[in-house]
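FYI, it's all coordinate maths here, none of it is from the lab. All values derive from a computational prediction rather than experimental measurement. A quick note on method: Cβ atoms are made from the backbone with ideal geometry, for glycine too, and the neighbour counts reach across all protein chains shown.
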Amino acid sequence: MGNLKNSNLNSVNGKAAGNSGGKSRGSVIIIGGGLGGLSAGIHLRLAGFEVSIFEANEKVGGRANVIKKNGFTFDTGPSLLNYPWVFENLFKAAGRELSDYVKLIPVDPSVGFQWPDGTTFQLSSNLQLLLSECEKIEPGSRPNVLSFLRDAEIKYRMSFDKLVTRNEDNPLKWIGALTPSEMTKLGVWRSLDSELGRFFKSRYIREALGSYGMYLGGSPYELPGLFSILPYGELAYGLWLPRGGIYGLVEGIEKLALELGVAIFTSSRVKRLSSAIAASKAWRWRTEPFINRKLSFPTSICRPRIRNCLVITRSDRRSGPNPKRPE
Ligand SMILES: Cc1cc2nc3c(=O)[nH]c(=O)nc-3n(C[C@H](O)[C@H](O)[C@H](O)COP(=O)(O)OP(=O)(O)OC[C@H]3O[C@@H](n4cnc5c(N)ncnc54)[C@H](O)[C@@H]3O)c2cc1C
C-alpha cells in the first residue's frame, strides 16, 4: 500500500474534533496530496470526517514540489506566495497560526522592470515607494495610482466574493452570479491593457502592471480588465518567500494535516475504487474519470483496500450507504 504517514492518527484534539462533537461523520478518501488535496483534507477533518489522502508520488505537494540534485534545490512549480491570508485562514480554521508552521519572508521591493531604452521601474508594497516610482515615470500620476488601487480593490473583493471562493460546476452559472453592472465594474468587456489605460498614460507602467497576465499565461491585450486584480493583489498583500521555498509551505500544511489526524499514504497511486456492497458484481469505478490522468499501477494495490468509501468527485457521489475508513 505505500507509506502511511500519520504521527497522530487517533488523537484529534480540541477544535478539530469539536466541530462534529467528537463523532466521526464517516470516511473520506482524497486522491492526490497536492495543495488542493491537503487543504480539502484539513477542512473535511475539521468537519468531523476520517480522512485518508492517497498520493502517487513519494511525497506530497503535487505541482508545488522540489527537485534536489547536485546540492541544488529547484522548485517544480510556484516559487513565491502572493496571498498569505488564504493559508492563514486555513490554519485559523484549525485554531492554529500559520506563522507557527511556516516562516514567511517578505520580498520587497518585489519585481523590477528594465526596458532596452534604459527605463527602469520598481514595484513595491510600500505605497510611498510605489508612488515615487510612478511619479518618476509619469509625473503627476500620484492621484491616478491611488484611483487605480481603489478601483482594483473593488474588483478584487468582488472577484473573491462572487467568483474565486464560490464552487460551481457549471461555468455559465458561475459567471451568472454577476449582474451586468458588476461585470462592467469588473472590466470584463475591456482588455487588461485598456483597463490600465484608464489610469496610466505611460506605456511603461501599463506594460509593468500588464505583465502580471503571465500568471495566467495570457497577454494583457487579450485578458479581461478584471485581471488588474493580479498586480493589485501583489501590491496590497505583498510578495512572500516561505522559508525553505514553497515546499516549506507544503511541509507546514502537511504537518497540520497530520496533527489533526489526517492519514496520508504516499507512493500510493489509486488505480480504481470499488464499492463493497457491489463488489460481488464487480462494480468498480475506475479513477480516470475523476482525475483525468493515465493510470498504470497494479490494481492489487488499492482495489482490496478501499471499500465502502466516500468518493470525492466533482458531483460528490458516494459509493456506499455506510462509508467507513479504508482498511
Ligand atoms: C511552474 C509552475 C508555476 C506555478 N506558479 C503558480 C503561481 O505562481 N501561483 C499559483 O497560484 N499557482 C501556480 N502554479 C499552479 C499550482 O502549482 C497548482 O495550481 C497547484 O499546486 C495545484 O494543486 P492541486 O492539489 O490542485 O493539484 P496537483 O498539485 O496537481 O496535485 C495533484 C496530486 O494528485 C496526485 N495524483 C494524481 N493521480 C493520482 C492517483 N491516481 N493516485 C494518487 N495520487 C494521484 C499527483 O501525484 C499530485 O500530487 C504553478 C504551477 C507550475 C507547474
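Give the total of Lys-Lys pairs in region 135-236 with Cα-Cα distances below 27 Å; include a pair only if its members are 8 or more places apart or on different chains. Counting lysine pairs in region 135-236 gives 9.
For region 135-236, the dipole from Cβ point charges (+1 on Lys and Arg, -1 on Asp and Glu) about the Cα centre works out to 260 debye, to the nearest 20. Residue order for Ser267, Ser125, fewest other beta carbons within 10 angstrom first, comes to Ser267, Ser125.
Pairs with C-alpha atoms separated by more than 23 Å, drawn from the list Lys23/Lys59; Lys5/Lys68; Lys59/Lys92; Lys23/Lys271; Lys92/Lys271, are Lys23/Lys59; Lys59/Lys92; Lys23/Lys271; Lys92/Lys271. Footprinting exposure proxy ranking of Tyr215, Tyr204, fewest other C-beta atoms within 10 angstrom first, gives Tyr215, Tyr204. Need the C-alpha centroid separation for region 21-100 versus region 181-245, integer Å. Computed from Cα coordinates, the inter-centre distance equals 28 Å.
Sorting Ile29, Ile67 by the number of Cβ atoms found within 10 Å of their own Cβ, with the fewest placed first, yields Ile67, Ile29. Hey, with R₀ at 45 Å, roughly what FRET efficiency would Asn167 and Leu127 work out to, going by the Cβ-Cβ distance, to 0.05? My answer for the efficiency is 0.85. With 0.36 nm allotted per residue and the present C-alpha distance subtracted, the Ser267-Glu88 stretch has 61.6 nm of extension available.
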